[in-house]
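What follows is a single structure, written as structure tokens, with notes after it.
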């Protein structure tokens, strides 16, 4: 889908867009699987699932990867162990390894021209922990989390809710996965892919996101300001 004019609303996915999560969420997947199976899955294996689509929820993906090792574990036990590893006590787990990607002042400048919103597969308490730490003064409205929708990505429900919040407004959605791209396409929202160059499959991911309809693929969120400023 072509973005024919600059956005009135910018919607951000969190993981891989606002936050680099290779040593937090992805490492929590690896350690959760290792806890139950003794096997440490590779980043490439996780990327394969993400590129296939349908694995936006890291709890569900962890459960699947455990099953692939021939182990039967209750889903609730997987969630509990993942959260123990990721959150720790008082957010001192792997969540502390998150890297906030927007440079100082970026979101404030973008917010002068566009409303800012979030559509993430995170649970609300996980999203709140990161936003309270890194962006307490940034107004994101609405913030659509896993609990907000009956049908998570790649379903378009979250983006449809944001469209209802801003009727008639021109919206862009930034995401880094197949599910983000498919959600945007289903909602009829122009999509910008994010593919960070430190990922050894950066080129492959960029090609996939372009193929799924991204009108641009950027290396990180800090390239967005220039993209918004380009005449269309």
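Things to note:
- Close pairs from the range 179-206: first at positive phi, partner modelled with pLDDT of 95 or more and part of a loop (DSSP other than H, G, I, E, B), Cβ under 6 Å, at least 6 apart: none
- Test: residue in the range 122-136 that is in contact with a helix residue (DSSP H, G or I) (Cβ under 7 Å, 6 or more places away or on another chain) and either more than 20 Å from residue 59 (Cα to Cα) or assigned by TED's automatic domain parsing to the domain that holds residue 65 (or both): yes
- Screening 60, 73 for residues that are in the same structural domain as residue 37 (by TED's automatic domain parsing) and without any contact (Cβ under 8 Å) to a residue 24 or more places away in the chain leaves exactly one candidate, 60.
- Residue tally, condition out of contact with any strand residue (DSSP E or B) (no Cβ under 8 Å at 6 or more places or on another chain), under 25 Å from residue 151 (Cβ atoms) and not in a loop (DSSP other than H, G, I, E, B), over the range 79-123: 5
- Boolean, residue 46 is in contact (Cβ under 8 Å) with a residue 12 or more places away in the chain, over 23 Å from residue 208 (Cβ atoms) and outside the structural domain of residue 214 (by TED's automatic domain parsing): no
- Any hit, the range 57-67, residues being crowded, with 20+ Cβ neighbours inside 10 Å, under 30 Å from residue 167 (Cα atoms) and at pLDDT 95 or above: no
- Residues of the range 159-173 that are touching a residue at least 60 places away in the same chain (Cβ under 8 Å) and in contact with a helix residue (DSSP H, G or I) (Cβ under 7 Å, 6 or more places away or on another chain): 159, 171, 173.
The values are calculated or read from the model by the stated rules, or taken from the named source; none is laboratory data. This is a predicted model, so every value here is computed, not measured. All Cβ positions, even for glycine, are placed from backbone atoms using ideal geometry, and neighbour counts span all protein chains on display.
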